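Each reported figure results from applying straightforward, stated rules to the coordinates on display, with no laboratory input. Here the structure is a predicted model, which is why all the values come from computation and not from measurement. Neighbour counts run over all protein chains shown; Cβ positions are idealised from the backbone, glycine included.
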């Protein structure tokens, strides 16, 4: 089936975006990227002491995977920090895509909607292709689209929590309100069934990390997620039935045995 | 002079950001730099003069979600 994911004009066959953090080893990360079929992986910039070449070797590993990179501004607390980090990432990775994180709450890592819109507007004006990590808020979505974002990334639950879809109602409402914008569920996915559920709601892709990295067998879990996302996408395209409160026989009643009322 | 590098106070001899990277042993490492929260492009590091109390960020590729 020819059903590509299109993000800022680029087409991808896989609808799974994979984070690169928290894997037991670089080899397991490489195996997991391969098993996931992901064509986009997220990557970060962090402080590193001079003399250490860890950053370079990690970057080499990611490049060898062949995946496109989506640098993030993880950990930034203000629009200014996020903007500066994005500018550094564009130079280091040679890429104008940026996963924009502006964290507003320490305990839940909930995004700061005000800083997010401010940073998104500024970065879009500088030519960045912004992927904002956001809540499922409809008004925030509208503001981010107005700020130049062409893709939105609402959370399912707090980062790393693995809770699944905390607010399916809100995610469904967001999907219905913005049918044309690519929507990627980012954060909070814990199991393949969560990813399938998001795809069944009509989401275009899933970005996840911890659920794969912290699995007992990350590469096998990456494969499981790839299958669930494919299944959920197929289900959405096939138009799921509407649930009912009461039973409805799936076998026709006409012609049943022992029917005293039959003519 | 005393400056703040990646959140830590350090005594350095370098007069510019480019000299600072060499002094700290970054060599040909792939890093992004910021001076007092403003991004400094690699080609501008030689012109980025440091002064007492400056805050420098030096960031390298890392695993991220």
Open item on the list: Let me make sure I get this right: for the range A:44-102, a, b and c are the square roots of the gyration tensor eigenvalues over alpha carbons, sorted descending. Under 1.5 in a/c it's rounded, otherwise prolate if a/b > b/c, else oblate. Which is it?
Closed with: oblate
Task: Residues of the range B:21-65 with amide N under 11 Å of the 7 Å Cα→Cβ point at residue A:47 - done: B:56-59
TODO: Compute the Rg to Rh ratio over chain B from the alpha carbon atoms, using the Kirkwood formula for Rh, and round to two decimal places.
DONE: 0.95
- [ ] Using DSSP, restrict attention to beta bridges with both residues in the range A:1-111 and report what percent are antiparallel, rounded to the nearest 5.
- [x] 35
Task: Residue order, fewest to most surrounding Cβ atoms within 10 angstrom, among A:73, A:251, A:6 - done: A:251, A:6, A:73
Open item on the list: Percent of Cα-Cα pairs more than 26 Å apart in chain A, please.
Closed with: 42
TODO: Sticking with the crude label model, points 7 Å out along Cα→Cβ, report the distance from residue A:242 to residue A:125 in nm, one decimal please.
DONE: 4.6
TODO: Let me know the shape class of the range A:1-47, please: from the alpha-carbon gyration tensor, a ≥ b ≥ c as square roots of the eigenvalues, rounded when a/c is under 1.5, otherwise prolate if a/b is greater than b/c, or oblate.
DONE: oblate
Task: Pairwise FRET efficiency - residue A:258 versus residue A:13, Cβ, R0 = 51 Å, nearest 0.05 - done: 0.40
Open item on the list: Over chain A, with a Gaussian network built from C-alpha contacts below 10 Å, which listed residue (A:152, A:17, A:140) shows the highest mean-square fluctuation?
Closed with: A:140
Task: Relative exposure of A:228, A:14, judged by other C-beta atoms within 10 Å (fewest first) - done: A:14, A:228
TODO: Among DSSP beta bridges lying fully in chain B, give the percent that are antiparallel, nearest 5.
DONE: 85
- [ ] For chain A, calculate the relative contact order in percent as a whole number, restricting contacts to Cα pairs under 8 Å that are 6 or more residues apart.
- [x] 19
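To make sure I understand, if each residue's beta carbon is the centre and we count other beta carbons within 10 Å, what order do A:149, A:95, A:76 fall in, fewest to most?
Exposure proxy ranking, most exposed first: A:95, A:76, A:149.
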TODO: Quick one: work out the % antiparallel among DSSP beta bridges in the protein assembly as shown, nearest 5.
DONE: 50
